[in-house]
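The next block holds one structure in the form of structure tokens; read it before the comments.
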Amino acid sequence: MTPEETEPVGSKAEDVENRPRKTRRPALLWICFGVAIVSLGLSGFAGIMLWRLSIKVGDLNFGQQVTDYDNANDLLTPDVGVIQFMKRGYSVTFDSLSYTANGLEVRGTVGNPTQLNLSSINLKLEARPFPYQVKDKLKKDPYFFYISDGFDIGSAQTTIFYLGAGKTESFAMTIPNVKQTKDGFQIAVSFSGERYSY
């Protein structure tokens, strides 16, 4: 009996079928590797885009908070001799600003453009940093603007006993803890306890 006769029938056909499978495996591995690289690249790109989007959303949120803060407060700049107006029409002019060991000494006048007489006005001045200076703190605490203890540099209050219609009245006070810096600050002005009469 020859070796060809002893060989089982169909073994050559099986070898032929197995050969392409062996050559397909490396190609399949390369395809899987390529798909994994593309997936990682797309995931990284998506992560970068999400990070950029989160920064833009944070900036928009900060801008909205600053707008709300500006609308809710009468904010003045510490400029001498400039007439500045509150939202209700009253004016404040700083006649002198002096930095001392006790803080910022402020002398100025309040103007009343209305037809009403005011009495017993509690005039409050609060020195505050600009919003961009506390951006990181605001990101951590969205109510930071509204917690005056943590936001104000210093505040002072005085009483104006009478402010007639169409008249001005002088005031003087010292705002503690205020020092002259290159970054500067804003002054929030507010009235409380006032009485109106014709």
**Prompt:** Which one of Ala172, Ala156, Ala188 is surrounded by fewer than 17 Cβ atoms within 10 Å (Cβ to Cβ) and in contact with a strand residue (DSSP E or B) (Cβ under 6 Å, 6 or more places away or on another chain)?
**Reply:** Ala172
**Request:** From Thr100, Thr158, Thr114, grab the single residue that is out of contact with any Cys (no Cβ under 8 Å at 6 or more places or on another chain) and more than 26 Å from Ser197 (Cα to Cα).
**Result:** Thr100
**Request:** Name every residue in the stretch 123-148 that is more than 19 Å from Leu104 (Cβ to Cβ), exposed (fewer than 15 other Cβ atoms within 10 Å of the Cβ) and not β-branched (Val, Ile, Thr), in order of residue number.
**Result:** Tyr132, Asp136, Lys137, Lys139, Lys140, Asp141, Pro142, Tyr143, Tyr146
**Message:** Need the failing condition index for Glu126 against (1) closer than 20 Å to Phe85 by Cβ; (2) part of a loop (DSSP other than H, G, I, E, B); (3) among the charged types (D, E, K, R), just the number.
**Reply:** (2)
**Request:** Can you confirm whether the stretch 171-193 contains a residue that is basic (Lys, Arg), touching a residue at least 40 places away in the same chain (Cβ under 8 Å) and part of a strand (DSSP E or B)?
**Result:** no
**Asked** Can you find a residue in the stretch 101-120 that is part of a helix (DSSP H, G or I) and either in contact (Cβ under 8 Å) with a residue 60 or more places away in the chain or of a type outside the set (Val, Ile, Thr) (or both)?
**Response** no
**Request:** Considering every residue within the stretch 55-73, establish whether at least one is surrounded by 10 or more Cβ atoms within 10 Å (Cβ to Cβ), charged (D, E, K, R) and modelled with pLDDT of 80 or more.
**Result:** yes
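The values are calculated or read from the model by the stated rules, or taken from the named source; none is laboratory data. Please read these numbers as outputs of a predicted model, since none were measured by experiment. Note: ideal-geometry Cβ built from the backbone for every residue, glycine included; neighbour counts use all protein chains shown.
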